[in-house]
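Taking it in order: structure first as C-alpha cells, then the write-up.
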Amino acid sequence: MTPDEAVARLRSGMTVGIGGWGSRRKPMALVRALLRSTITDLTVISYGGPDIGHLVAAGRVRRLVTAFATLDSIPLEPHFRAARERGALELTELDEAMVMWGLYAAAHRMPFLPVRAGLGSGVMDVNPALRTVRSPYEDGEEFVAAPALRMDAALVHVNRADRLGNGQYLGPDPYFDDLFCRAADAAYVSCERLVETAELTKDAAPQTLLVQRHHVTGVVEAPDGAHFTSCDPDHGRDEAFQKLYATTPWPEFAGRFLSGGDESAYQAAVRAWREGRR
C-alpha cells in the first residue's frame, strides 16, 4: 500500500495506536498521510514524540493516552505542550509500565492486567477512574488494574518487512511495536525497505521478527519514512531538522513541509531545505 491508501482505511473518531518511542522509529510517513486526510476527533495511544506533536498541532486529537511526549534530545514536545496549555485535548497520563501492561492486556483480549506501577504515585490522583485489585492468594497484595488499551488501528514503522506483513527491526529496541499490532483490530506497518521473506529470516535473531503477518493488515514501503526520528541502523535522528521543527511556528512548518500532495513532496521539501543550508 501507499501511506495514503493505508490512511484511507481509517475514520474520524477512531482509537489509533502509534508505535515507536519518543523521537525514535516513529511511522512519520503514515502520520503525514493522516495530516493530508480529513480524519479528526482521534483518540491516540502512543509513547509520544513528534507524531503527537504533529497531530495535536493540526487539531486532529480529541484524547491522548500516553506516558510522555518527548523529542528525546528536546525533553518536552513543544506542540504537545502548547496544546496542553490551551486545553486543546483530553489527556490520560499513565506510568510507562501501565501503558505496556495495557497493551499486553489488549493483545491477550483481557480487560485489564495487574501491575505494581502507579501505586504510591500521583498517577492514581490524576486518573480517578483507575481501580485497584487485590490478589486472591495468601499474599493479599494490592495492584493497579491497568486497563486494556484496545485500538481500532495501529501504525508502526520497522526497518524491513515483506509483502505478507512480517516486520523486522534492526535497532536496539522493538519499542512495543508488536504489542501495538496485536492490540489493534487493524495494523499498518511502514518499512524502510520491502524485502523477500527469505532475506528477513537469513541469519536473523528471532527477537528481531516480533511483528508477524497474522497481526498486520497492510504494508507500506516508505524509505526514510521515520524522518525526522531515528531508525537505527538505517539512519539516526535528523537533529538539525528536529530543531527546526521545534522552533518554527506550526503554520509556517506545515506550510513549508506538509502542504504537498504526498510523501514524496515532503521528502523533496526536506532535500531543498538541506541544500539551502549548504
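The values are calculated or read from the model by the stated rules, or taken from the named source; none is laboratory data. Keep in mind that this is a model prediction, so the values were computed, not measured. Note: ideal-geometry Cβ built from the backbone for every residue, glycine included; neighbour counts use all protein chains shown.
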Considering segment 99-122 alone, what residues qualify as being of a type in the set (V, I, T) and under 19 Å from V44 (Cα atoms)?
-> V99
Of the numbered conditions (1) in contact (Cβ under 8 Å) with a residue 40 or more places away in the chain; (2) part of a helix (DSSP H, G or I); (3) surrounded by 16 or more Cβ atoms within 10 Å (Cβ to Cβ), L244 fails exactly one; give the number of that condition.
-> (1)
L200 being among the hydrophobic types (A, V, I, L, M, F, W, C), in a helix (DSSP H, G or I), surrounded by 13 or more Cβ atoms within 10 Å (Cβ to Cβ) and in contact with a helix residue (DSSP H, G or I) (Cβ under 8 Å, 6 or more places away or on another chain) | no
Scanning segment 1-32 for residues that are touching a strand residue (DSSP E or B) at 6+ places or on another chain (Cβ under 9 Å) and part of a helix (DSSP H, G or I), which turns out farthest from S73 (Cα to Cα)?
-> E5
Could you check E77 against (1) farther than 23 Å from K243 by Cα; (2) at pLDDT 95 or above and say which number it fails?
-> (1)
With the first residue restricted to segment 65-76 and required to be touching a residue at least 12 places away in the same chain (Cβ under 8 Å) and farther than 24 Å from L130 by Cβ, and the second required to be among the basic types (K, R) and in a loop (DSSP other than H, G, I, E, B), Cβ contacts under 8 Å at 6 or more apart or on different chains are D72/R237; S73/R237
Do we have any residue at all in segment 123-144 that's touching a strand residue (DSSP E or B) at 6+ places or on another chain (Cβ under 9 Å), in contact (Cβ under 8 Å) with a residue 60 or more places away in the chain and under 28 Å from R24 (Cα atoms)?
-> no
